[in-house]
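So the structure is just underneath, and the comments pick up after that.
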Amino acid sequence: MRRVGIIGAGIIFRDHVRAFAELGDRARVVAIADLDDERRSTASAEHGIEHAYRDHRQLLALDDVDIVTVCTPPNLHEPIVLDALRAGKVVLCEKPLAHTLEASDRIIEAARDLPGRLSVIHQYRYLPEVMRTVWLRDTGLLGRLLFGQFNRLSRFADPGKVRREWWGAFDVAGGGVVMTQLIHELDLMCHILGTPVEVSAVIETLKEPIPSEDTCAATVRFANGAVASIYGTMCAQHNERTFDVLGARGSTHSPWDCRSMDEAWRAQAAAAAVDAVRIPAGEGRHTGYMRAVLDALDADAPLPVGPEDARTVVELCAAIYESGLTGQPVSLPLGPTSLCYAGVAPDDYEHRRAQVVA
């Protein structure tokens with residue numbers, strides 16, 4: 001059994017607890033750290049967690065904690081992740097790796113010389129429709145990848161969900177809908193279609209009371225020639241996420257479907273994909289990712305979604321912001337001199353919006 005410590009007892013904490021619980025005797029949460037006394041006490045009592053600390057370094061000092069998950073605001077990821085790696089832990093950091101590309105690169109560079117191991121939590125890669133799409137791609141059944149469409153509609157004022165006061169702050173979260181919500185679809189887009197090489201984007205604050213963008217629409221070109229469109233907003237009246245991936249022979253979709261004008265191909269490919277990827281019904285959204293981590297540890301294999309892999313989507317977010325601020329296409333990869341490498345300055349964003357209004 002792997003023993004787990006969780007740093008941060010906010011909204012995502014419960015998803016982590018559920019995921020490890022659903023994996024039975026393979027892992028158990030034994031420690032929690034959070035600066036908020038009430039949140040920490042409640043989390044410990046509700047889930048029977050034996051160790052509860054205000055300082056995350058006390059949790060890291062526990063010899064019997066093997067895995068540490070980091071569930072703090074993104075601007076705190078860098079110091080906490082590096083502390084955990086220095087302590088020799090297996091570190092699972094919630095997305096994004098950091099709130100800026102610059103901070104992500106510092107983590108990656110420092111991690112190379114530290115004894116711990118790092119993975120970044122992009123749990124939607126383990127949805128059945130995503131894994132089936134990847135399987136069809138890798139077996140060649142989809143044919144050459146041509147086009148993708150990835151979308152997310154979200155409600156900012158979502159009943160039963162409390163948005164933290166830092167939500168959408170560039171200096172804490174890294175941005176609004178792009179870095180906090182649409183990053184899931186951006187990651188899936190890169191995971192399925194490959195390396196992005198150019199992006200053209202529009203970002204805007206249309207309705208919600210946040211200091212950053214609540215809406216984004218973008219077009220992305222990939223190194224393999226594929227093109228994709230992606231949009232997301234916090235102004236929706238319902239929550240929805242979808243994708244469509246078009247290959248030369250057929251297409252896949254979320255919610256799961258497989259389509260082709262060749263009905264025989266469609267029936268064969270759909271059946272083969274479902275047979276190849278079977279996920280227990282009713283699992284929490286983080287369970288598949290946590291299972292992949294435990295499988296990798298058991299096999300002494302590389303962890304899923306390593307930091308260099310997770311950097312790709314942070315870089316794409318930075319390119320989207322640059323394109324949105326300048327009104328110009330942006331080529332990737334980005335370097336330290338790129339406009340948004342160190343993040344977006346709130347004054348720059350407001351100045352750009354003022355110019356649009358004028």
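The values are calculated or read from the model by the stated rules, or taken from the named source; none is laboratory data. Nothing here was measured: the structure is a model prediction, and the numbers come from that model. Positions of Cβ are backbone-derived with ideal geometry, glycine not excepted, and every protein chain shown enters the neighbour counts. The protein model used for the area step is the full one, side chains on, heavy atoms only, and it has no ligands, DNA or RNA in it. Shrake-Rupley method; radii C 1.70, N 1.55, O 1.52, S 1.80 Å.
Structure above, values below:
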{"item": "Yes/no for Ala61 being closer than 22 Å to Gln123 by Cβ, modelled with pLDDT of 95 or more and of a type in the set (Gly, Ala, Ser)", "result": "no"}
{"item": "Matching option when the condition is out of contact with any Gly (no Cβ under 8 Å at 6 or more places or on another chain), open to solvent by less than 30 Å² (accessible area, probe 1.4 Å) and farther than 22 Å from Ala342 by Cβ, among Phe156, Phe150", "result": "Phe150"}
{"item": "Any hit, segment 17-36, residues being out of contact with any strand residue (DSSP E or B) (no Cβ under 8 Å at 6 or more places or on another chain), at pLDDT 95 or above and open to solvent by less than 40 Å² (accessible area, probe 1.4 Å)", "result": "yes"}
{"item": "Residue check, Pro211 in contact with a Pro (Cβ under 7 Å, 6 or more places away or on another chain), in a loop (DSSP other than H, G, I, E, B) and either open to solvent by 50 Å² or more (accessible area, probe 1.4 Å) or at pLDDT 95 or above (or both)", "result": "yes"}
{"item": "Scope segment 151-195; condition of a type in the set (S, T, N, Q) and out of contact with any Cys (no Cβ under 9 Å at 6 or more places or on another chain); matching residues", "result": "Asn151, Thr180, Gln181, Thr195"}
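So that you can scan it fast, the table gives a plain yes or no per residue for (1) open to solvent by 30 Å² or more (accessible area, probe 1.4 Å); (2) over 22 Å from the mean Cα position of the chain (by Cα); (3) at pLDDT below 95:
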position	(1), (2), (3)
Thr72	no, no, no
Asn75	yes, no, no
Pro96	no, no, no
Arg106	yes, no, no
Arg125	no, no, no
Gly140	yes, yes, no
